[in-house]
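Worksheet: one structure, shown below.
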Amino acid sequence: MNYKQLLTKILLKKAKGYTVHEKTEEFVAVNGQVQLSKRKITTKKVPPDVNAIKALLQLSEEEMDVCKMTDEQLAVEKLRLLKLLDICDKTSPLDTTQEE
């Protein structure tokens, strides 16, 4: 994966929003041994970022000018964007908080 693809992937994730799983563990000393007393796993939702959307639009504008594209190039670009939207729609996890 080249630099531009990686940058696009990162910006797309930030533009769509994502979830972060945070794990917090508390330990206590019992008879000289360390034991896990509490574990908490929290899922936080990071909202979509407008600046990332703007950056993606600027990258795509620099990449190609739609007015100069042929019909075949437009069809290929349409399919690429539809696949990208489909991938983004499939990766929308639910927010949950669990305690043990």
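The values are calculated or read from the model by the stated rules, or taken from the named source; none is laboratory data. No experiment lies behind these values; they were computed from the predicted model shown. Ideal geometry is used to build each Cβ from the backbone, glycine not excepted, and the neighbour counts take in all protein chains shown.
Computed values, structure above
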quantity	calculated
Residues of region 1-26 satisfying the condition of being over 17 Å from the mean Cα position of the chain (by Cα) and either surrounded by 11 or more Cβ atoms within 10 Å (Cβ to Cβ) or among the acidic types (Asp, Glu) (or both)	Glu25, Glu26
Neighbours by Cβ (under 6 Å, 6+ apart or cross-chain): first from region 24-50, under 30 Å from Leu11 (Cβ atoms); second of a type in the set (Ser, Thr, Tyr) and surrounded by 11 or more Cβ atoms within 10 Å (Cβ to Cβ)	Thr43/Thr19; Lys45/Thr19; Val46/Tyr18
Residue within region 84-94 that is surrounded by 10 or more Cβ atoms within 10 Å (Cβ to Cβ), over 22 Å from the mean Cα position of the chain (by Cα) and modelled with pLDDT of 75 or more present	no
Residue in region 49-77 that is modelled with the lowest pLDDT, counting only those that are outside any helix (DSSP H, G or I) and surrounded by 12 or more Cβ atoms within 10 Å (Cβ to Cβ)	Met64
